[in-house]
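We did not get these values from a lab; they are worked out from the coordinates using the rules stated. As the structure is a computational prediction, the values presented were derived from the model and not from experiment. When we count neighbours, we look across all protein chains shown, and the Cβ atoms used for this are built from the backbone with ideal geometry, even at glycine.
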């Protein structure tokens with residue numbers, strides 16, 4: 001198995017990307033090869049900086065760099081040799097089985113749509129992320145690919161999210177909820193009300209509208225929303241986790257008695273931190289494109305990049321793309337008019 005990694009994408013590229021790739025390569029062993037895509041001279045300099053051998057990672061040269069501020073449409077026209085485009089072409093040509101980037105999310109999504117194409121039956125791909133909950137975890141989507149989906153797109157999100165939860169999380173019949181401002185079917189905008197009706201008529205295990213508090217309570221396995229709301233929820237949750245952990249650390253180091261208690265509680269706090277730290281989960285798959293495309297935070301650490309590689313390998317091993325294709329094909333056969 002080979003996985004391409006955008007070495008030039010992210011706030012601290014290429015150094016952090018190379019560091020994460022070296023860590024991942026050491027962990028995955030010989031059965032998985034990481035291919036770094038970007039400016040070869042810069043990448044090899046970083047490999048040397050971290051003491052890696054010249055053969056530790058494969059490198060494919062790509063001279064164009066996409067900044068975080070660039071418009072996706074501009075990158076499609078003017079930067080056909082960017083690390084994003086070259087990496088995705090490697091995937092489309094079958095030279096690698098997956099692609100990972102911490103770069104410009106819009107540019108990654110736009111290039112993936114053009115280069116990999118959409119799965120038949122998917123009108124609008126969605127970024128799906130894992131959220132730790134009391135019930136063992138939930139898939140939240142969309143978290144940034146599209147801010148104005150149609151109701152029919154949300155049904156597709158529910159189907160793809162269910163496939164993700166079933167394959168990767170082991171949920172036999174994932175409970176799907178529509179994120180809204182109330183449980184009643186009449187709540188929310190016209191788009192949300194229509195999405196509710198379509199989801200209720202679909203073959204997913206739709207349990208109705210859910211509110212923000214239901215996500216972390218473990219009441220649902222898949223939470224469907226538009227990309228604007230999903231992105232806000234995700235980043236708010238991450239900031240709350242950082243704030244709570246910071247307050248705990250400050251409180252438990254305030255005096256000698258607190259420090260003694262903190263020593264006893266250290267393993268529990270470490271577990272808490274690991275459970276809610278996004279870096280533990282690495283990247284989020286862009287579901288709906290015909291391939292494995294993982295999107296990471298622009299501020300990803302080396303540990304997050306390493307874990308994104310491990311997550312990409314899991315998605316490839318579970319053949320999630322084929323699972324989604326089959327689910328949509330069966331749905332089309334059952335209800336051709338809806339398709």
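Descriptive notes on the structure:
- Bridge type composition, the chain - antiparallel percent by DSSP, nearest 5: 25 percent
- A compact globular protein would have a Cα radius of gyration near 2.2 N^0.38 Å; the ratio found for the range 146-239 is 1.00.
- Cβ-Cβ FRET estimate between residue 254 and residue 211, R0 fixed at 30 Å, reported to 0.05: 0.25
- The ranking of 294, 1, 154 by Cβ neighbour count inside 10 Å, starting from the fewest, reads 1, 294, 154.
- Point-to-point label distance, residue 185-residue 236, nm (Cα→Cβ direction, 7 Å offset): 2.7 nm
- Helical content alone sets the calculated 222 nm signal of the chain at -15500 deg cm²/dmol, taking -39,500 (n - 2.57) per DSSP H segment of four or more residues and averaging over every residue.
- Cα pair count fraction exceeding 20 Å, expressed as % - the range 40-147: 52 percent
- Value in Å of the Kirkwood radius, where the range 123-280 supplies the Cα pairs that are averaged: 16.7 Å
- Here the residues 77, 15, 314, ranked from fewest to most Cβ neighbours within 10 Å of their Cβ, fall in the order 77, 314, 15.
- From the C-alpha gyration tensor of the range 1-72, square roots of 5λ in Å: 21, 13, 11
- Approximate spin-label separation residue 53-residue 203, in nm, with each point projected 7 Å along Cα-to-Cβ: 5.1 nm
- Two-decimal ratio, the chain, of alpha-carbon radius of gyration to 2.2 N^0.38 Å: 1.03
- Going from the fewest other Cβ atoms within 10 Å to the most, the residues 36, 179 appear in the order 179, 36.
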